[in-house]
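Have a look at the structure below, then the notes.
The values are calculated or read from the model by the stated rules, or taken from the named source; none is laboratory data. If you're wondering where the values come from, they're calculated on a predicted model, not measured in any experiment. Every residue, glycine as well, gets a Cβ built from its backbone with ideal geometry; the counts of neighbours run over all protein chains shown.
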Amino acid sequence: MKNFEYKQVILLRSDLKMSKGKISAQSGHAAFSAAEEARKKFPKWWKSWIEAGQCKIALKVGSEQELLKLEKEAKTLNLPSKLIHDRGLTEIPPGTITCLGIGPAPTNLINKITGELPLL
């Protein structure tokens, strides 16, 4: 397996019991939104990530509180990140925080925050 210098992680709340379709949609929102932040603020990271194949990893967290803690840690390390709030049109109430996208950013920095989290 190739070691990627840059990656993006999508952290999803397992406590919400979202359907596979909902998880896919929310993950897409997080991936795009965090990548756009990286493109604007860290264009070298973004370009390197694009050229290397856009490595993405989906991980799970157990609660909104855990997600917010990880977002704070990402901001402390100055990593591009984006929380996703659902519009409430299908499975969950409006405003529910469903997931967090972090990166693209250097893998070693992202791993400081997410390296011990389980895969989705």
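Picking from residues in the stretch 39-80 that are of a type in the set (D, E, K, R) and in contact with a Leu (Cβ under 6 Å, 6 or more places away or on another chain), the one that is nearest to residue 119 (Cα to Cα) is 60.
Tell me, which residue of the stretch 60-81 that is acidic (Asp, Glu) and out of contact with any strand residue (DSSP E or B) (no Cβ under 6 Å at 6 or more places or on another chain) is farthest from residue 16 (Cα to Cα)? Going through the qualifying residues, I end up with 73. For the stretch 57-64, does any single residue satisfy the condition of being exposed (fewer than 14 other Cβ atoms within 10 Å of the Cβ) and either at pLDDT 95 or above or not in a loop (DSSP other than H, G, I, E, B) (or both)? Checked against the condition, which is being exposed (fewer than 14 other Cβ atoms within 10 Å of the Cβ) and either at pLDDT 95 or above or not in a loop (DSSP other than H, G, I, E, B) (or both), the stretch 57-64 yields at least one hit. The residue that is modelled with the lowest pLDDT, counting only those in the stretch 1-14 that are buried (at least 17 other Cβ atoms within 10 Å of the Cβ) and more than 12 Å from residue 100 (Cα to Cα), is 4. So which of 9, 61 is free of Cβ contacts under 8 Å to residues at least 60 places away in the same chain and touching a helix residue (DSSP H, G or I) at 6+ places or on another chain (Cβ under 8 Å)? From the options 9, 61, the qualifying one is 61.
In this entry, residue 17 passes the filter for residues that are under 29 Å from residue 89 (Cα atoms), exposed (fewer than 14 other Cβ atoms within 10 Å of the Cβ) and either modelled with pLDDT under 95 or over 10 Å from the mean Cα position of the chain (by Cα) (or both).
Is the stretch 27-38 home to any residue that is within 18 Å of residue 114 (Cα to Cα), hydrophobic (A, V, I, L, M, F, W, C) and in contact with a His (Cβ under 9 Å, 6 or more places away or on another chain)? No, the stretch 27-38 has no match at all.
Could you check, for the stretch 84-102, whether at least one of its residues is more than 22 Å from residue 42 (Cα to Cα), touching a strand residue (DSSP E or B) at 6+ places or on another chain (Cβ under 9 Å) and surrounded by 21 or more Cβ atoms within 10 Å (Cβ to Cβ)? Yes, that holds for at least one residue. Name, by its number, the condition in (1) among the charged types (D, E, K, R); (2) in contact with an Asp or Glu (Cβ under 9 Å, 6 or more places away or on another chain); (3) outside any helix (DSSP H, G or I) that does not hold for residue 112. Among (1) among the charged types (D, E, K, R); (2) in contact with an Asp or Glu (Cβ under 9 Å, 6 or more places away or on another chain); (3) outside any helix (DSSP H, G or I), the lone unmet condition for residue 112 is (3).
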